[in-house]
Amino acid sequence: MHAAPPPFQAPPFGQQPNAGGHPVGAVFLGLFASVIVSLLYSGLMLATYKDQSLTTAHTLYLAHALVNGAIVGCLVGSVAHRSAGAHVGGAVIAALGAFFGFTNTVPLIIAESQSPSAIGDMMEADPFLPAKAWWNNEFDGGVDWFSLLGLLLAAAAAWGLAYLIGNRRRRL
């Protein structure tokens, strides 16, 4: 004779059952994907910067931020499932990927347009030139709001997709 299984018992002290997934692995996978997307963006900008208008450059930056956030969010959500910490980590990584995708392009363009030794001169004169180029509006002065919008797009896309995909998984 078989005994009936015991009824489901909730974990003590209000703890939630393990939602599964691998939050740390998800964040590292998101980091790896963000680096690859940022390198592709830097290569695209290096190949096309001479033929771009300001509108095209802003559009490509915002598209890069959105794609970076979407890829990171999908990976984090599918690997980490319901881990809120991994969702936030993916949002931070996507925003950093958008930032570094742009700032890594600046030394590449300097090296291609002048010479590779010009990067050393830039590092001696102003090592934060790429970050200043990301932040400053060259035409009107002040802040380039497209830069901040890119960070917001990347973070929102990553967190939103990670949340949606992670919560769509069935509880085991």
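Data table
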item: Cα centroid separation - the stretch 96-133 against the stretch 38-83, whole Å; result: 18 Å
item: Rounded to 10°, Cα long-axis angle of helix 23-48 versus longest principal axis of the chain; result: 20 degrees
item: Share of pairwise Cα separations in the stretch 75-144, more than 19 Å, in percent; result: 52 percent
item: Rh (Kirkwood; distinct C-alpha pairs) - the stretch 122-172, Å; result: 13.8 Å
item: Solvent-accessible area, 1.4 Å probe, carbon plus sulfur percent, for the chain; result: 70 percent
item: Relative contact order %, the chain, counting alpha carbon pairs below 8 Å whose residues are six or more apart; result: 33 percent
item: Largest to smallest principal axis extent of the C-alpha atoms in the stretch 42-99, angstrom; result: 44, 14, 13
item: Matching label, mean projected area of the Cα convex hull in nm² computed from the structure shown, candidates (i) 11.7; (ii) 14.4; (iii) 10.7; result: (ii)
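The values are calculated or read from the model by the stated rules, or taken from the named source; none is laboratory data. Small disclaimer: the values here were computed from a predicted structure and weren't measured. Calculation scope for accessible area: heavy atoms of the full protein, side chains included, ligands and nucleic acids excluded. Shrake-Rupley method; radii C 1.70, N 1.55, O 1.52, S 1.80 Å.
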